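Bear in mind these aren't lab numbers, they're just calculated from the coordinates by the rules spelled out. The structure displayed is predicted, hence computed values, not measured ones. Reconstructed Cβ throughout: ideal geometry from the backbone, glycine too, with neighbour counts over all protein chains shown.
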Amino acid sequence: MSKILLSINPHHVENILSGVKKFEFRKVRCKREVESILIYSTSPQMKVVGEAKVRQIIEDELAEVWEITGRESGISYDFFSEYYMGRDTAVAYELEDVEVFPEPKELSDFGVTHAPQSFVYVA
């Protein structure tokens, strides 16, 4: 099992940490099995602010993924549709046991030198 670090927009980070957003959406699924996600809040904060366990990974046609995740997605259907425009499938990481770090951490604390465009595996 692996741990990944994801770069996430601060608005979405806030919704994940508050429990409003229970799914993190991506266009590509990680090749390895993922047990947890380190949450990197992009500019202006630019810190790792928490970690969440991955309950399950849903990968399916867009309509099916939205049907499963929509109520707890923390995003609108329009945002979802725009994000996946031109694609047939979606990937959703269902998050649970979200931990907010008492003090935000640096990328270097996890052996990462720069924020990933998509994700990076960490030890």
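The loop-placed GluC sites (Glu not before Pro) in the range 9-69, going by DSSP, that have at most 12 neighbouring Cβ atoms within 10 Å of their Cβ come out as E33.
When the chain is described by a simple charge dipole with +1 on each Lys and Arg Cβ and -1 on each Asp and Glu Cβ, the residue from Y93, P116, A63 located farthest towards its positive end is P116.
Each Lys or Arg adds one and each Asp or Glu takes one away; over the other residues whose Cβ falls under 9 Å from the Cβ of E96, this sums to +1.
For K3, the aspartates and glutamates whose Cα falls under 19 Å of its own Cα, not counting residues fewer than eight places away in the same chain, are E24, E33, E35, E51, E59, E94, E96, D97, E99, E106, D109. Mean residue ellipticity, 222 nm, helices only, the chain: the sum of -39500 (n - 2.57) across DSSP H runs of n ≥ 4, divided by residue count and rounded to 500, is -5000 deg cm²/dmol.
Once you reduce the range 106-123 and the range 1-53 to the center of their Cα atoms, the two points are 12 Å from each other. For the chain, what are the per-bin percents of Cα-Cα distances with bins 10 Å wide, up to the bin holding the maximum? That works out to 13, 47, 33, 6, in percent per bin.
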